[in-house]
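Only one structure is covered here, and it is reproduced in the block below.
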Amino acid sequence: MLSIFDLFKIGIGPSSSHTVGPMVAGRYFADLVRSTGLLPRVARVTCELYGSLALTGEGHGTIGALLNGLEGAQPDTVDPVHLSTRSAQLKENADLVLAGERKIAFDMKRDVVLHKGLFLPRHSNAMTLTALDNEGNVLLAKTYYSIGGGFVRSEEDFDKEEEPYPTPPYPYKTATELFDWCRRENRSIAEIVLANETFWRGRGEVESRIRTIACAMREAVERGCCLDGVLPGGYGVRRRAPQLLRKLSALMAAGRRELSLWPMLYAFAVAEENASGGRVVTAPTMGAAGVVPGVLMYYTNFYPQATEEGQRDFLLTAGAIGLFYKLNASISGAEVGCQGEVGVACSMAAGAYCAVTGGNVKQVEVAAEIGMEHNLGLTCDPVGGLVQIPCIERNGLAAERAVNCAQLSILEDGRQRVVPLDKVIDVMYRTGIDLQATYKETSLGGLAKAIGDAWQKA
């Protein structure tokens, strides 16, 4: 089993698989070089990117994140301003400070290689890091895979199955197994998940971590609602959340609440923060980071009976649903398309909102299932390799849809639904595997190609 804190990670945008994962991999490699005693002998480090990382890495900030990771940066603590500044310096061939200790010569054109036409068999997001001595001899080489949501595996990790935590009181891997526990114990999803989390950690630590995640989500919404300007990347995409906030606030003052647009606004705010390289939370990924916070903020600000306990239960429930997809399918856009990112986020938010607004376990399942069912086949085709078009609007629309899914589920008893959540998770994965590679975060098809080609001709 995994913890919800494996899913909810605080990091920097714009992508958990293309920014957070490479930074983590770089840090892993630097730590390995140090721990094996090789650091004093290293004269050069090369970075080879494959598949989706090579094709869309430039727009996702992959190279800068990886290089900063090699210098010891971590996604949850790195200052976004420092990351941007240091990335620019390294791209101008500044010396690389490996593991924060060993200064070595670095040449961007020589030491970073993008294998855009080559996909390694384990996963589309692959990178090989190599440390060499003064004579060019290989001291250490390691291949890492960024498999979505900030999770990183080495080549060896794919061939071993390890239980990361001791077996908790209510073990489960599938939705059916968790829902069976809820029925047997007469407890909510959040109560079962909390019991497992407090088995691994003290109650105080669990509560504190959840508050930290909720606070990071709220701060991302607030920053995104305040900051105007143009997003980086060259396409001139303007931040829309501040203007939408002003307009919706004016409508509310005039007596028109337009409630359905508020979760969309909040999701826009976070997605725009992510696109600018700001600090957000993987939920389940950075590319889909606006949906869960958007609906959580909507619950907090507009649901009359909203409580701090409700916010906690929202995240516990959303985390459990997200882990069903992580454990049994994929949350990587490079593997299964955007249905594995925004689609999963919509499912998470729908089930969570249903749970904290009066839904029972069956209704939560139905809300989560609807949230995914109508995102099946969603492609990942970011224009210019940037997490902007169509990603930002996609976050907003998914947040609004999640609220509607939850409300529809509560209005019905769920008994007429014939598609269980586990089944739609399986279908999502098989659909993703069947998608052509051009629609899986390669920017070779869909909107990315149509708009990118038109932009280049203009």
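Annotations
- Only one entry of 62, 46, 36 meets the criterion of being buried (at least 24 other Cβ atoms within 10 Å of the Cβ) and assigned by TED's automatic domain parsing to the domain that holds residue 87, and that entry is 62.
Conditions (1) touching a strand residue (DSSP E or B) at 6+ places or on another chain (Cβ under 9 Å); (2) free of Cβ contacts under 8 Å to residues at least 40 places away in the same chain; (3) farther than 15 Å from residue 179 by Cβ, marked per residue:
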{"residue": "330", "(1), (2), (3)": "yes, no, yes"}
{"residue": "335", "(1), (2), (3)": "yes, no, yes"}
{"residue": "340", "(1), (2), (3)": "yes, no, yes"}
{"residue": "345", "(1), (2), (3)": "no, no, yes"}
{"residue": "348", "(1), (2), (3)": "no, no, yes"}
{"residue": "355", "(1), (2), (3)": "no, no, no"}
{"residue": "358", "(1), (2), (3)": "no, no, yes"}
{"residue": "364", "(1), (2), (3)": "no, no, no"}
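- Of the helices (runs of 4 or more DSSP H) lying entirely inside the stretch 1-105, the ones with 2 or more residues being touching a helix residue (DSSP H, G or I) at 6+ places or on another chain (Cβ under 7 Å) and at pLDDT 95 or above are found at 4-7, 21-35, 62-70, 80-91.
A quick yes/no check of all residues on (1) among the β-branched types (Val, Ile, Thr); (2) touching a Phe, Trp or Tyr at 6+ places or on another chain (Cβ under 6 Å); (3) within 30 Å of residue 120 (Cβ to Cβ):
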residue: 372; (1), (2), (3): no, no, yes
residue: 412; (1), (2), (3): no, no, no
residue: 419; (1), (2), (3): yes, no, no
residue: 426; (1), (2), (3): no, no, yes
residue: 431; (1), (2), (3): yes, no, yes
residue: 437; (1), (2), (3): no, no, yes
residue: 442; (1), (2), (3): yes, no, yes
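- Criterion applied to 195, 271 was being within 30 Å of residue 324 (Cα to Cα) and either of a type in the set (Ser, Thr, Tyr) or touching a residue at least 40 places away in the same chain (Cβ under 8 Å) (or both), and the one residue passing it is 271.
- Selection count where residues are farther than 17 Å from residue 287 by Cβ and surrounded by 24 or more Cβ atoms within 10 Å (Cβ to Cβ), scope the stretch 362-399: 7
- Residue among 220, 241 that alone is buried (at least 22 other Cβ atoms within 10 Å of the Cβ), under 24 Å from residue 10 (Cβ atoms) and touching a Cys at 6+ places or on another chain (Cβ under 6 Å): 241
The values are calculated or read from the model by the stated rules, or taken from the named source; none is laboratory data. These numbers come from a predicted model, not from an experiment. FYI the Cβ positions are ideal-geometry reconstructions off the backbone, even for glycines, and counts take in every protein chain you see.
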